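A short write-up of the structure that comes next.
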Amino acid sequence: LLLTTGSLQQAQQAGELLDQVARGDAGVVTTVKARRARLEGLEEVQAGAEATRRRELADAEDRRAAVAAVRAEQEALLSDARAELKRLVKEERERQRRLRALEAARTAYLTSMPVAGGTTLAGALPQGDYLFPVAGPVQFGDDWGYARAGGRSHQGIDLFAARGTPVVAVADGTLFNVGWNGLGGWRLWVRDASGNGFYYAHMDAYSPAAREGAAVTRGTVLGYVGDTGDARGTPTHLHFEVHPGGGGPVRPYPIVTGWPRAG
């Protein structure tokens, strides 16, 4: 610098100027470094915020999917509940209809007590050899042909008695079809020596004597009055049918009214 200047004073001035420039450059470099460091820090913060945002979006999507799954499950449960409610309402309406029909029959029974007459079974044993099928207090009337669910008509007689009242064999004979079905509940048949068939249904339980193929005598306890099968929820009773010669059912009212009662 001294060789390129005209005097020592000029060299001194030039040196001071270079020092100022150097200091300025150093300040600029320091500022740039600080700003670069700050920028890198901001970039890291931004990257962290972006990662956080992505995680939050993923979590939100997971929560949205979970909410959708819960909603779908709730809708399915609600649909099942509605279907079940419809089924129960339908069953309750049918039960109420049956109750009304049975109550009407019971009212008729109370105003028209049984009287004997026309009690001989074609080809059967003498009338005195038969016994009334319910051994206890009972109410009944002539409900042959009454309407039943599904367009059916009543093919027997309903003998109303308290639950657990003994049900007895009407004659000496053999048991068959001892068991359960959806219509008759706990039911069985008695076939006498002349081939006449007697059908018992809706019993609450069997006695030990009620076995398939068992031979029974008149008055043997076969079971107990109940409301099983399609009679569930109705007043307890024995559904009883008479099938002369093992054929189709006949009106039982004028037959059973002439039979003596057990006990």
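The values are calculated or read from the model by the stated rules, or taken from the named source; none is laboratory data. All of these numbers come straight from a predicted model, not from anything done at the bench. For neighbour counting, all protein chains shown are included, and Cβ atoms are generated from backbone atoms with ideal geometry for every residue, glycine included. All accessible areas refer to the heavy atoms of the entire protein, side chains included, with ligands and DNA or RNA removed. Shrake-Rupley method; radii C 1.70, N 1.55, O 1.52, S 1.80 Å.
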(request) Rank these by accessible area, largest first, 1.4 Å probe: S79, S7. (result) S79, S7
(request) Leaving out ligands and nucleic acids, note down the accessible area per residue over region 126-262 with a 1.4 angstrom probe, in whole Å². (result) 37
(message) As an exercise, use a Förster radius of 22 Å and the Cβ-Cβ distance of R232 and L85 to find the FRET efficiency, rounded to the nearest 0.05.
(response) 0.70
(message) Sorting check: for 22-34, 168-180, which peptide has the highest mean count of neighbouring beta carbons within 10 Å, and how do the rest follow?
(response) 168-180, 22-34
(request) Figure the gain on full extension for Q74 and F176 (residue separation times 0.36 nm, minus the Cα-Cα span) and round it to one decimal in nm. (result) 31.7 nm
(message) With +1 assigned to the C-beta of every Lys and Arg and -1 to the C-beta of every Asp and Glu, and no other charges, what is the dipole magnitude of the chain about the Cα centre in debye, to the nearest 20?
(response) 660
(message) Can you tally the net charge around V32? Count Lys and Arg as +1, Asp and Glu as -1, for every other residue whose Cβ sits under 12 Å from the Cβ of V32.
(response) +3
(request) Just grab the label-to-label distance for R251 and R23, each label 7 Å out from Cα along the Cβ direction, in nm (one decimal). (result) 13.5
(request) First compute the accessible area of the chain with a 1.4 Å probe, then give the percent of it belonging to carbon and sulfur atoms. (result) 57
(request) At 10 °C and 1.306 mPa s, grab the translational diffusion coefficient of region 119-263 from Stokes-Einstein with a Kirkwood Rh over Cα pairs, rounded to a whole number in µm² per second. (result) 107
(request) Net charge near R163: determine it from the other residues with C-beta under 9 Å of the C-beta of R163, scoring Lys and Arg +1 and Asp and Glu -1. (result) -2
(request) Among T228, G24, L131, pick out the residue whose Cα is farthest towards the positive end of the charge dipole of the chain, where Lys and Arg carry +1 and Asp and Glu carry -1 on C-beta, about the Cα centre. (result) L131
(request) Report P(r) for the chain: all Cα-Cα distances, bin width 10 Å, range 0 to the bin holding the largest distance, values in whole percent. (result) 6, 20, 19, 8, 5, 5, 5, 4, 4, 4, 4, 4, 4, 4, 3, 1, 0
(message) If the only charges are +1 at each Lys and Arg Cβ and -1 at each Asp and Glu Cβ, what is the size of the charge dipole of region 1-76 around the Cα centre, to the nearest 20 debye?
(response) 160
(request) Counting only heavy atoms of the protein chains, get the accessible area per residue of region 6-87 (1.4 Å probe) and round it to a whole Å² value. (result) 87
(request) At 0.36 nm per residue, minus the direct Cα-Cα distance, what do A34 and R54 gain on full extension? Give it in nm, one decimal, please. (result) 4.2 nm
(request) Can you pull the one-decimal nm distance between simple spin-label points at S194 and E43, each 7 Å off the Cα toward Cβ? (result) 11.3
(request) Determine which residues of region 219-256 fall in the zone a paramagnetic label at S153 would reach in this model, i.e. backbone nitrogen under 11 Å from the point 7 Å along Cα→Cβ. (result) 251
